[in-house]
Amino acid sequence: MHSPSPIIKSSLIEPDGGELVNLVVPEIERASRVLEAQALPKVSLTKIDLEWAHVISEGWASPLKGFMRENEYLQSLHFNSLKTTKNGSSIVVNMSLPIVLAIDDETKERIGCSTHVGLLSPNKVLIGILRGIEIYKHNKEERIARTWGTTVDGLPYVDEAISKGGNWLIGGDLEVFEPIKYNDGLDDYRLSPQELRNEFERREADAVFAFQLRNPVHNGHALLMNDTRRSLLEMGYNNPILLLHPLGGPTEVQWHAKARINGGANFYIVGRDPAGMPHPTQNRDLYDPDHGKKLLSMAPGLDKLHILPFRVAAYDIVHKKMAFFDPSRAKEFEFISGTKMRSYAKNGENPPEGFMSPSGWSVLANYYQTLQTEDC
């Protein structure tokens with residue numbers, strides 16, 4: 001049904017399951033598939049559903065080929081992994097997040113006995129087909145409890161994407177008619193796993209190290225990235241390439257790591273608190289900040305990803321630059337958090353000299369001040 005998957009060269013890490021999924025319908029077949037979808041029962045996608053369709057269709061969740069059916073959902077929910085086959089042998093791949101599509105009672109009734117459904121974007125545009133569907137009960141409390149480890153009120157993503165969702169989940173094989181775009185000026189920067197792999201091959205990378213950031217890049221991050229490249233060169237690699245980018249979807253450390261494997265990364269820089277989250281009702285962290293890093297070293301299906309420890313950088317008050325923290329000179333270092341950095345920007349203040357490049361700071365400050373103007 002789809003174009004054959006490209007051969008992955010040995011210089012890059014193999015995608016999960018051995019094959020990089022691509023669920024975009026070949027252009028020559030699109031017109032007939034759209035006509036087919038027009039005659040099918042329809043399922044309307046939320047903005048978040050569309051983003052997950054994007055993630056699945058490009059292969060970030062390889063080897064997953066659609067929204068999860070019940071057996072895949074249960075494996076993900078209970079074991080953080082999926083059983084699949086590769087060259088006739090059974091293997092286990094990491095899949096720590098259930099990627100599912102919720103529907104309400106009315107939609108379930110409308111689908112009836114149909115085995116396929118058309119998918120509508122939030123703007124009511126047909127974007128694809130879900131084939132060989134299976135509909136099963138959406139136990140929201142169990143999903144929340146097993147994903148977050150708690151059902152306390154105020155969890156991120158829960159109210160928006162789960163609690164308000166339908167009482168049923170629909171799984172099946174996904175086809176999208178063309179690459180999903182958002183027309184927000186950033187589409188050119190959203191490279192698919194295959195596009196990333198093509199670029200790494202073009203640059204003749206023999207190692208790819210991923211660094212995920214939730215805050216704007218400052219000189220401490222640059223110090224760490226350069227130091228990591230130096231370490232990889234000392235390990236014998238000739239041309240290690242940095243993969244620096246955020247990743248959509250819920251904050252979940254195993255998912256972030258798995259997706260970067262499919263993007264071509266075989267090294268992953270991990271800090272002390274790679275996927276931390278404040279407790280929604282108490283003044284404390286919801287999770288132990290060390291656990292995310294520890295889990296990556298023993299998570300099922302992530303054995304082939306090399307975890308690189310994060311060296312702590314802070315602002316050196318004496319030398320007026322970002323440097324690796326020296327406990328023997330602890331009083332001469334200042335830790336500038338993301339919250340403090342955003343506070344500087346919102347208030348029109350400048351950070352200490354050497355913390356961030358002036359051009360980068362200008363962009364950041366203008367952004368936050370523009371947000372404040374819009375809120376007034």
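Some values worked out for this structure:
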read-out	value
Ranked by how many other beta carbons lie within 10 Å on average, peptides 329-335, 75-81 from highest	75-81, 329-335
Helical mean residue ellipticity (222 nm; -39500 (n - 2.57) per DSSP H run of 4+; nearest 500) of the chain	-9000 deg cm²/dmol
Counted charge near P280, where neighbours are those whose Cβ lies closer than 15 Å (Asp, Glu -1; Lys, Arg +1)	-3
Heavy-atom accessible surface of region 313-375: percent carbon and sulfur, 1.4 Å	52
Percent antiparallel among DSSP beta bridges (both partners in the chain, rounded to 5)	65
q = 0.12, 0.21 Å⁻¹, region 313-375: log10 I(q)/I(0) [Debye, one scatterer per Cα]	-0.34, -0.81
In Å², nearest 10: area of R143 left accessible to a 1.4 Å probe	20
Probe 1.4 Å, accessible area per residue of region 18-175, Å²	46
Helix axis angle, 193-202 relative to the chain longest principal axis, alpha carbon, degrees	50
Summed residue charge, Cβ within 13 Å of L233's Cβ, Lys/Arg positive, Asp/Glu negative	-1
Cross-link partners of K304 among lysines (Cα-Cα below 18 Å; sequence separation of 8 or more within a chain)	K9, K83, K86, K258, K293, K294
Net lengthening on full extension, F324/R131 (0.36 nm per residue, minus Cα-Cα)	64.2 nm
Ordering of 363-372, 302-311 by burial proxy (mean other Cβ atoms within 10 Å per residue, highest first)	302-311, 363-372
Size-normalised alpha-carbon gyration radius of the chain, reference 2.2 N^0.38 Å	1.07
Built amide H within the under 5 Å cut-off of V208, gap 5+	I241, N266, F267
Sequence-distant residues sharing a close amide H with I91 (under 5 Å, placed H)	T84, T85, K86
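The values are calculated or read from the model by the stated rules, or taken from the named source; none is laboratory data. Note that the structure is predicted; figures quoted are calculated from it, not measured. Every residue, glycine as well, gets a Cβ built from its backbone with ideal geometry; the counts of neighbours run over all protein chains shown. What goes into the accessible areas is simple: the full protein's heavy atoms, side chains included, and nothing from ligands, DNA or RNA. Shrake-Rupley method; radii C 1.70, N 1.55, O 1.52, S 1.80 Å.
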